[in-house]
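Worksheet: the structure to be examined is printed underneath.
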Amino acid sequence: MNYIYIDTPKSLEEGLSNLVHAQIIGVDTEGDSLHSYKEKVSLIQVSGNGQDLIIDPLALTDLSPLSDILSRPDVLKVLHGTDYDVVALKRDFRFQIFPIFDTCLAARACGVQKFSLADLLQKFFGLTIDKRYQKADWSARPLSQKLLEYAALDTHYLPQLYQLLKTELEAKGRLKMVEEECRLLGQREWTGKPFEPNDYLRIKGTAKLPDQTQRVVRALTVARDQIAQKLNRPVFKVLSNQDLILMATKQPRAEHELANLFPRASHSVRRRSAFWLSAIRQGLQDELPLPSLPKHRSHPYSQAQQALFQRLREWRDEQAKTEGVEPAMVFSSQDLQQLVQACSADRRVWPKTLEDLARFTLLKQWQVKRYGEALIKNIKG
């Protein structure tokens, strides 16, 4: 497969010059979240006008020429699974990418049952993709020819795939829906934050442990993060949550006790036994208060709201069946829950007209236009 590998300012300028007149380009990224402590975009693929560019952001210090084309309003950017790529490019390079077309969302809106990129390439172009490269370390250099060919395939067919899916969306009257949803996807922002000791509560089940055990979990979580940073490895490759909880609950004090928990001599815990035992001791000696858990305020439905939710869900499922799409392509269950919660238990203030319904900011314009009358009918009951 022909592609251009770009790792110098000159090759970037020359490569992007071939896209000057492109109206549609495919865009994708590869990251190293499975191999590094702090994930970073390690490769950017762009295809258009018959050119496949593989841009190495680890070798380039100035990507502003790429930023220019990604923000051009007259160039449609076609991606698959937009939110990750858009958020990662904003996070690492402050790129603003618009307009956007998401082939994953489009395929789902067309009623396609299998909508991974590999599935779509097989369905529309008869291609079989080798999935073993999905978990490759894209930050390692040099990258093999096989990896680069795999990366190029991720964008090579996106412009053509857009045309095929656009035709189906127009036939189903769902193009406006996808366009609106894609505008919202383009507004996504990175929400990650630096590690904090009390992040141990993210580990499932820790909030229900005894207080002192939670303190040991917290100490082990801090220790794990320290090693992960030092080694530049993901925390799960340093110590699994399962092994961390095992140590916190059993609380070994000596090496032979730790060895009994992890009998395999090659286990990573055994290689740093003194370090982990020290963390356990710190947790046992810790007297700092535990974080207060947020109180989840429940909003129980009134009898009328419960009946409304049931009507809307039954209507949604039937509508999805009629259109040949998954229910979430009509309304997600969360959409319906939020709509019912926004409706007062007092029937007199439930939306009675399309104008009333349009005031609910949680609804998309396409939803009001396509399903507004049916919603009003079900709300009236």
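Quick note: the coordinates plus some simple rules give every number you see, no bench work behind them. This one's a predicted model, so the numbers in the text were calculated from it and none came from an experiment. Glycine also receives a Cβ, built like all others from the backbone with ideal geometry; neighbour counts cover every protein chain displayed.
Report the residues of region 298-333 in range of a label on LYS172: point 7 Å along Cα→C-beta, backbone N strictly under 14 Å from it.
Those under the cut-off are 319-331.
Run the reach check for LYS321 against lysines, Cα to Cα strictly under 29 Å, same-chain hits fewer than 8 apart removed. What comes back?
LYS114, LYS123, LYS166, LYS172, LYS176, LYS352, LYS364, LYS369, LYS377, LYS380
Which FRET efficiency value, to the nearest 0.05, is calculated for ARG264 and ILE4 with the Förster distance at 45 angstrom and r the Cβ-Cβ distance? Display every interim value, and only then the final one.
Details: r = 47 Å, r/R0 = 1.05.
E between ARG264 and ILE4, to the nearest 0.05, is 0.45.
Please say if the chain is rounded, prolate or oblate, where rounded means a/c under 1.5 for a ≥ b ≥ c the square roots of the C-alpha gyration tensor eigenvalues, and otherwise the choice is prolate for a/b larger than b/c and oblate otherwise? Walk me through the numbers on the way to the answer.
Details: a/c = 2.33, a/b = 1.15, b/c = 2.02.
Oblate, since a/c reaches 1.5 and b/c is not below a/b.
What residues of region 126-162 lie in the reach of a label at PHE236, counting those whose backbone N is under 19 Å from a point 7 Å from the Cα along Cα→Cβ?
Correct set: 131-139.
Assuming 0.36 nm per residue, please report the length gained on full extension of the stretch GLU179 to THR322 beyond their Cα-Cα distance. Don't skip to the end; give the middle numbers.
Values: separation 143, 0.36 × 143 = 51.48 nm, distance 2.21 nm.
Additional length available on full extension: 49.3 nm.
Say a paramagnetic label sat at a point 7 Å from the Cα of PHE124, along Cα to Cβ; which residues of region 1-33 have their backbone N under 13 Å from it?
25-27
Pulled fully out, how much extra length does the chain show between GLU287 and GLN145, if you take 0.36 nm times their separation in residues and subtract their Cα-Cα distance?
Working: separation 142, 0.36 × 142 = 51.12 nm, distance 5.50 nm.
Residue separation times 0.36 nm, minus the Cα-Cα distance, leaves 45.6 nm.
Among all the lysines, which ones have a C-alpha under 21 Å from LYS230's C-alpha, if same-chain residues fewer than 8 places away are not counted?
Those lysines meeting the cut-off are LYS38, LYS40, LYS193.
How large is log10 I(q)/I(0) at q = 0.12, 0.13, 0.20 Å⁻¹ when the Debye formula is applied to the Cα atoms of region 4-185, each weighted equally and without solvent?
Taken in order of the listed q values, log10 I(q)/I(0) reads -0.54, -0.64, -1.53.
Using +1 on the beta carbon of Lys and Arg, -1 on that of Asp and Glu, and nothing else charged, what's the dipole of region 1-124 about the Cα centre, debye to 20? Mind showing how you got there, number by number?
Numbers: 11 positive and 17 negative charges, 78 e Å.
The dipole magnitude comes to about 380 debye.
Sum -39500 (n - 2.57) across every DSSP H segment of at least 4 residues in the chain, then divide by the residue count to get the 222 nm mean residue ellipticity, nearest 500.
Details: 18 runs with 193 residues, N = 381.
The helix contribution divided over the chain gives -15000 deg cm²/dmol.
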